[in-house]
Amino acid sequence: MLEGLESLEGTLERIRFYNEENGYLVGRLRCVGGDAITIVGNFPPMQEGESLRIIGRWQVHHRYGRQVAVERWQRVLPVTVKGLKRYLASGLIKGIGPVTAGAIVDQFGLEALQVMEEEPERLQEVPGIGPKRGAMIQENFGKYREMQEVLVFLQGHGIGIGQALRLYRHYGLQAADRVRDNPYMLAEEVAGIGFKTADRIARQMGLAADAPARVRAALLFALRDAAGRGDVCLPREILLERAMELLAIPGEIAAAPPLKDHLQKLAVDKKIYCEERAEDSIVYAAPFYHAEVGVAQGLKALADAPLSWDRRESRAALEAAAGKGSGLTEEQRRVMEQALEEGLLIVTGGPGTGKTTTIRALLSLFHSLNQRVLLAAPTGRAAKRVQEATGEDASTIHRLLEYSYNEGEGFRFMRHEKRPLEADVLIIDEASMVDLILMYHLVKAIPAGCRLIMVGDADQLPAVGAGNVLRDLLDSGAIPAVRLNHIFRQARESLITVNAHRINHGEMPQLNVKNKDFFFVSEAVPDLVAQKVVQLCRERIPNFGPFDPVMDVQVITPMRRTAAGVEKLNKMLQKALNPADRRKNEVTIHGITFRSGDKVMQIRNNYQKEVYNGDIGRITKLNLEEGELIVAYRDAGISRPVVYNFSELDELTLSYATSVHKSQGSEYPVIVMPVITQHYLLLQRNLLYTGITRARKLVVLVGTKKALAIAIRNNRAEERYSFLDRRLNREDGEIGREVESRES
């Protein structure tokens with residue numbers, strides 16, 4: 001017993017809660033001697049059955065009673081056969097599931113781990129383990145032990161477990177070396193690692209508060225952080241203020257030499273670019289400066305390139321495609337006419353205005369003229385939607401540009417100005433989701449003489465990445481554009497469409513009209529809102545449809561960590577719609593329990609597996625022995641299985657509930673959306689509009705009319721620092737005339 005501290009040893013019997021972001025764990029420790037206690041503290045990913053030695057202080061939680069707040073801990077070899085079996089069967093070591101774990105421990109007893117580490121060839125003594133499987137288990141066990149060693153090193157340098165895991169996933173066994181070499185590179189290269197973490201490590205290594213490397217790292221990080229919020233650039237004074245906040249040092253130290261001198265040095269090194277404008281000095285990180293200038297110049301080149309047509313042939317094709325009896329409106333005919341005359345064209349409009357019909361008509365028109373047409377969208381799910389709607393092949397923009405991995409160069413686009421696309425016409429759907437960097441790479445790959453037609457709803461949320469490309473192009477007034485305003489009769493019969501337009505015009509929607517498809521359930525208390533959402537998904541909506549409560553119903557919510565946020569609702573919906581069952585295998589990785597039958601979402605692009613950020617599928621098989629699970633994704637109506645090793649499960653999350661941003665580009669039969677004042681920070685019109693326009697057949701809002709009114713009144717579109725619109729309006733950057741028929 002240490003003064004004020006107690007040392008305990010035992011088996012981690014149960015993990016009640018684990019937060020993968022900060023490593024906070026609440027668990028039940030079965031101590032040597034038999035007593036079970038509650039422990040809380042920050043840990044790397046643990047598995048039930050691990051043996052621990054902890055040092056901590058007893059405390060009394062007002063709600064959960066006595067528990068030990070752990071200050072230090074270390075793993076020890078499991079001290080019981082049962083604990084060792086649970087440890088090996090955890091699923092973290094590929095190739096060892098419950099059956100194999102039992103066989104290994106039955107063969108070697110408490111010496112099993114020692115055998116695996118020191119005499120792995122003896123694994124072949126275990127019935128059912130041959131040379132091939134034994135070698136695989138040896139390799140994966142070695143990787144697991146190496147990972148633990150790296151994590152211990154990183155935590156020893158003051159890096160939290162959540163951040164240590166990110167570093168390990170990014171650098172692997174090189175993580176420790178990268179930390180030693182240049183801590184500030186971590187903030188630049190690893191998603192989720194900020195300046196403060198890198199700075200804390202650097203200061204521990206003895207770097208002075210006013211060291212030039214530290215000051216310049218703060219300036220560069222402030223620009224990257226702004227890009228993460230959607231800004232392409234920052235006014236110089238705002239950049240300097242944010243850098244000062246990051247540095248947290250007295251003003252006189254930061255001013256000697258002045259921060260502006262450091263900016264100048266970064267500009268000389270071409271890591272940033274500064275532009276003097278009438279209102280302020282604007283600073284860009286180099287990639288975003290090149291992208292903004294490049295997009296403006298590239299669009300100008302596309303617009304100025306001569307378009308060779310046989311006008312009589314094209315007019316005949318137009319009359320055949322858009323003549324009387326075609327069912328096209330005057331607005332859609334105008335799109336067809338402009339598509340033949342202009343090298344660049346934007347088609348925008350809300351739900352029910354015929355954007356997809358217009359794309360089909362354009363495809364038919366250009367095919368009749370023997371043009372090579374490519375059809376693409378920013379995300380996999382958006383590409384699937386337009387492919388299913390048009391019957392034409394469509395791809396993601398990344399796949400179109402052949403984004404792939406090259407040894408020594410990493411991931412890069414293989415289509416560019418030196419190896420352009422082979423196309424006469426390129427149509428991009430869901431263009432509001434295209435960010436500036438992606439637009440830059442797209443424009444570089446479009447050959448001279450190729451028409452570019454961008455189709456999208458400019459009133460939806462802007463792209464997740466930096467920039468607001470579609471809105472900037474429209475605001476520039478320099479690009480031909482046609483807005484589709486006519487709502488088709490069939491669409492007018494749906495309150496989803498009607499209410500989307502009402503909301504977009506600042507009007508309250510029509511609610512709870514009999515035999516319609518838009519409903520409102522009143523509830524003010526956030527916890528009760530969450531309960532009603534679960535009840536709707538489990539009981540009321542399936543009976544109303546019929547709808548599959550798991551795959552047809554999508555809960556969309558503005559925030560992540562609230563009583564009616566993404567994280568809480570996912571746990572509640574999983575319990576209600578896919579409860580634990582002895583017949584269902586499950587595994588808990590990084591605090592998330594994945595179970596056979598769960599609805600899951602891919603949360604980052606994986607070009608090898610051909611699954612992309614936001615794709616939704618269902619776990620069809622979970623194999624604890626092999627350490628892998630299979631997710632079935634729907635591709636153009638066909639189920640496609642994708643295999644994940646347990647080590648790859650940080651790419652997946654539960655998706656019974658998801659954020660509005662993650663839902664962009666998708667459509668679901670049913671949308672359920674909490675609208676409550678607790679979400680005040682994100683109650684805004686375009687977010688509500690984007691959410692409800694994801695639904696095809698039914699929308700149910702749950703919350704208060706006060707919160708709904710707040711969202712509708714709040715039309716402050718997200719302001720982003722970007723100058724693409726003004727570059728397009730410059731005399732040297734103007735790329736075309738405004739179409740006379742464009743409607744605002």
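Filter the strands (runs of 3 or more DSSP E) completely within the stretch 362-476 down to those with at least 1 residues that are among the aliphatic types (A, V, I, L, M). If you could, list the steps in order and put the result at the bottom.
Values: elements: 373-377, 403-406, 410-413, 425-428, 451-456.
Result: 373-377, 425-428, 451-456.
Residue check: is Gly449 out of contact with any Ser or Thr (no Cβ under 8 Å at 6 or more places or on another chain), open to solvent by 10 Å² or more (accessible area, probe 1.4 Å), small (Gly, Ala, Ser) and more than 21 Å from Gly354 (Cα to Cα)? Considered against the rule, which asks whether it is out of contact with any Ser or Thr (no Cβ under 8 Å at 6 or more places or on another chain), open to solvent by 10 Å² or more (accessible area, probe 1.4 Å), small (Gly, Ala, Ser) and more than 21 Å from Gly354 (Cα to Cα), Gly449 comes out as no.
So, of the residues in the stretch 596-605 that are charged (D, E, K, R) and in contact with a helix residue (DSSP H, G or I) (Cβ under 7 Å, 6 or more places away or on another chain), which turns out to be modelled with the highest pLDDT? My answer is Asp598. Condition (residue is out of contact with any strand residue (DSSP E or B) (no Cβ under 8 Å at 6 or more places or on another chain), among the charged types (D, E, K, R) and under 18 Å from Glu667 (Cβ atoms)) applied to the stretch 386-404: is it met by at least one residue? Yes, the stretch 386-404 contains at least one residue that is out of contact with any strand residue (DSSP E or B) (no Cβ under 8 Å at 6 or more places or on another chain), among the charged types (D, E, K, R) and under 18 Å from Glu667 (Cβ atoms). Screening Glu719 against (1) within 24 Å of the chain's Cα centre (by Cα); (2) open to solvent by less than 20 Å² (accessible area, probe 1.4 Å); (3) farther than 17 Å from Val555 by Cα; (4) not hydroxyl-bearing (Ser, Thr, Tyr) leaves a single unmet condition, (2). Taken as a whole, the stretch 699-713 holds no residue that is touching an Asp or Glu at 6+ places or on another chain (Cβ under 9 Å), part of a strand (DSSP E or B), touching a residue at least 60 places away in the same chain (Cβ under 8 Å) and among the polar types (S, T, N, Q). Arg540 passes every criterion in (1) open to solvent by less than 60 Å² (accessible area, probe 1.4 Å); (2) closer than 27 Å to Ile710 by Cβ apart from (1).
Mind checking which residues of the stretch 82-112 are part of a helix (DSSP H, G or I), modelled with pLDDT under 85 and surrounded by fewer than 23 Cβ atoms within 10 Å (Cβ to Cβ)? Working first, answer last.
Narrowing the stretch 82-112 to residues part of a helix (DSSP H, G or I): 82-88, 98-112.
Pick out the ones that are also modelled with pLDDT under 85 and you get 82-88, 98.
Hits for the stretch 82-112 are Lys82, Gly83, Lys85, Arg86, Pro98.
Scanning the stretch 177-193 finds no residues that are at pLDDT 75 or above, polar (S, T, N, Q) and not in a loop (DSSP other than H, G, I, E, B). In summary, Arg561 fulfils each of the numbered conditions (1) open to solvent by 20 Å² or more (accessible area, probe 1.4 Å); (2) farther than 27 Å from Phe411 by Cβ; (3) outside any loop (DSSP other than H, G, I, E, B) with the single exception of condition (3). Selection of first residues in the stretch 560-574 that are polar (S, T, N, Q) and of second residues that are not in a helix (DSSP H, G or I), restricted to Cβ pairs under 7 Å at least 6 apart or on distinct chains, gives the following pairs, ordered by first then second residue: Asn570/Leu654; Asn570/Tyr656; Asn570/Ala657; Gln574/Asp598; Gln574/Leu654; Gln574/Tyr656.
Kindly check whether there is at least one residue in the stretch 665-688 that is on the phi < 0 side of the Ramachandran plot, in a helix (DSSP H, G or I) and small (Gly, Ala, Ser). Working first, answer last.
Of all residues in the stretch 665-688, those on the phi < 0 side of the Ramachandran plot come to 666-688.
From the residues that got through so far, the ones that are in a helix (DSSP H, G or I) too are 677-682, 685-688.
Restricting the remaining residues to those that are small (Gly, Ala, Ser) gives none.
No: zero hits.
Considering only the stretch 41-76, state which residues are aliphatic (A, V, I, L, M), within 20 Å of Val150 (Cβ to Cβ) and over 31 Å from the mean Cα position of the chain (by Cα). Matches in the stretch 41-76: Leu52, Val76.
The values are calculated or read from the model by the stated rules, or taken from the named source; none is laboratory data. Everything numeric here is computed off the predicted structure, so don't read it as measured data. FYI the Cβ positions are ideal-geometry reconstructions off the backbone, even for glycines, and counts take in every protein chain you see. Heads up: the accessible areas ignore ligands, DNA and RNA and are worked out on the full protein's heavy atoms, side chains in. Shrake-Rupley method; radii C 1.70, N 1.55, O 1.52, S 1.80 Å.
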